[in-house]
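A short write-up of the structure that comes next.
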Amino acid sequence: FMNHNIREVFLKNIRVAIAGVGNCASSLVQGLEYYKGRNEGAFAGLMHARIGDWGPSDIEIVAAFDIDRRKVGKRVEEAIFAKPNCTKIFQSALPVSDVVVRMGPVLDGVAPHMADYPDDEAFRPSDEEPVDVVQTLKDAKAEVLVCYMPVGSEEAVRHYARACLEAGVAMVNCVPVFIASDPEWADKFRRAGLPIVGDDIKSQIGATIVHRTLTRLFGDRGVALDRTYQLNTGGNTDFLNMKALDRLKSKKLSKTESVQSQLDERLDSRNIHIGPSDYVPWQDDNKVAFIRMEGRGFGDVPLELELRMSVQDSPNSAGVVIDAVRCAKLGLERGIGGPLEAASAYYMKSPPKQMRDSVACELCDAFIQGKEADEETSQAVAGE
């Protein structure tokens, strides 16, 4: 009887691999333990307590990849606390696992300028040989891979995307390397019968979702938005990585288009500036966003809005990833290949199809419940 129950639990779990054991992975792994055994009515911080048959504690990390010598070879529950990780620790007690962080391919995953910064702030690549990612995923019986590669790691993200296709693994792409939103890659996942949720994770209440919501509010209330900016500072490796402007291009595009998509008429590029602004080491994983919006209301009378927002960057996205992983698993169970459009629109900055967030929420809930969207919502999407 006990063996039967253990087998049922094992089969019920969603088997997840992580590519990139940084701050976001740390928050995710901590969160899986933090919510274990908690009353679902007290699940503050989660967008959905349950999706399908799964709560957050039904997600199991079965494989992990990184390139940093302080993480490779360590068990995942130890590696998530290794430098240069600096996110808030809210769940220090973690169960001992047999999941060891494996050496991934470096490719373009490490920006050259990181060598100029102290060890505790930057990546330090291991000398180990990379493992066969495809075989590792197969051996671990992984079902979903969460991609947490650094911004600008175009080759590395595509390497993991190809590995997913070869190993038969769904993908949640949390970074602004365009896979789900690229028609060619989307078709590859579609033909392989594998779901993908992407690209570029939205935080739960982060700068992008707040900026999008305010932008839509201006339009819905009849205020013309003339110009806007979003400036962000932080002290984690994400901000350090993005000091290389050549790596920042996709991130800036992702964030800018996410806000532009909420406008009835696009702003001229001169009048919209959205993107990370500077690296401040002592901020650690604290991200501070400054948003300014200038518009005209009744009688063309000027209206100005300024907002300062401070969040812990990595925990702010972990709950969203927990939802995205469970949606990917639903896609697997339902035999859906290719981008999950509703989930991608709700959880990601650069989905294959941009929607108003209220519409994306309704469509995502309909997908989770296995229902068709109502006629009004469907018409709203068709009209965008």
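The values are calculated or read from the model by the stated rules, or taken from the named source; none is laboratory data. Everything numeric here is computed off the predicted structure, so don't read it as measured data. Glycine gets a Cβ as well: all are built from the backbone with ideal geometry, and neighbour counts include every protein chain shown. Accessible surface areas use protein heavy atoms only, side chains included; no ligands, DNA or RNA. Shrake-Rupley method; radii C 1.70, N 1.55, O 1.52, S 1.80 Å.
Things worth noting here:
- In region 160-170, the residue that is surrounded by the most Cβ atoms within 10 Å (Cβ to Cβ) out of those that are closer than 24 Å to Ser27 by Cα and not hydroxyl-bearing (Ser, Thr, Tyr) is Ala170.
- Candidates Pro105, Pro130, Pro112, Pro125: the one that is open to solvent by 70 Å² or more (accessible area, probe 1.4 Å) and not β-branched (Val, Ile, Thr) is Pro112.
- Contact annotation: residue pairs with Cβ atoms under 8 Å, 6 or more positions apart or on different chains, pairing a residue in region 119-135 that is touching a residue at least 40 places away in the same chain (Cβ under 8 Å) and more than 19 Å from Asp108 (Cβ to Cβ) with a partner that is open to solvent by 30 Å² or more (accessible area, probe 1.4 Å) and of a type outside the set (D, E, K, R), are Glu121/Pro281.
- When every residue of region 240-249 is checked against the conditions, none turns out to be closer than 26 Å to Asp323 by Cα and out of contact with any His (no Cβ under 7 Å at 6 or more places or on another chain).
- Among the candidates Val100, Val72, Val96, residue that is in contact (Cβ under 8 Å) with a residue 40 or more places away in the chain and of a type outside the set (S, T, N, Q): Val72
- Residue match in region 234-243 (condition: out of contact with any Pro (no Cβ under 9 Å at 6 or more places or on another chain) and at pLDDT 95 or above): no
- Region 333-367, residues that are surrounded by 19 or more Cβ atoms within 10 Å (Cβ to Cβ), of a type outside the set (Asp, Glu) and assigned to a helix (DSSP H, G or I): Ala342, Ala343, Ser344, Ala345, Tyr346, Tyr347, Val359, Ala360, Leu363, Cys364, Phe367
- Members of region 55-69 found to be touching a residue at least 40 places away in the same chain (Cβ under 8 Å) and farther than 15 Å from Pro125 by Cβ, listed by number: Pro56, Asp58, Ile59, Glu60, Ile61, Val62, Ala63, Ala64
- Condition check for Phe123: assigned to a loop (DSSP other than H, G, I, E, B) and in contact with a Ser or Thr (Cβ under 8 Å, 6 or more places away or on another chain): yes
- Residue in region 155-172 that is in a loop (DSSP other than H, G, I, E, B) and more than 25 Å from Arg308 (Cα to Cα) present: yes
- Set Lys353, Lys329: member being of a type in the set (D, E, K, R) and touching a residue at least 40 places away in the same chain (Cβ under 8 Å): Lys329
- In summary, helices (runs of 4 or more DSSP H) completely within region 1-80 and bearing 3 or more residues that are farther than 30 Å from Ser153 by Cα, modelled with pLDDT under 90 and open to solvent by 80 Å² or more (accessible area, probe 1.4 Å) occur at 2-12.
- Against the conditions (1) over 20 Å from the mean Cα position of the chain (by Cα); (2) under 22 Å from Glu77 (Cβ atoms); (3) not in a strand (DSSP E or B), Arg102 satisfies every one except (3).
- Answer residue from region 133-159, given it is more than 22 Å from Lys252 (Cβ to Cβ), of a type in the set (D, E, K, R) and under 24 Å from the mean Cα position of the chain (by Cα) and is most open to solvent (accessible area, probe 1.4 Å) among those: Lys141
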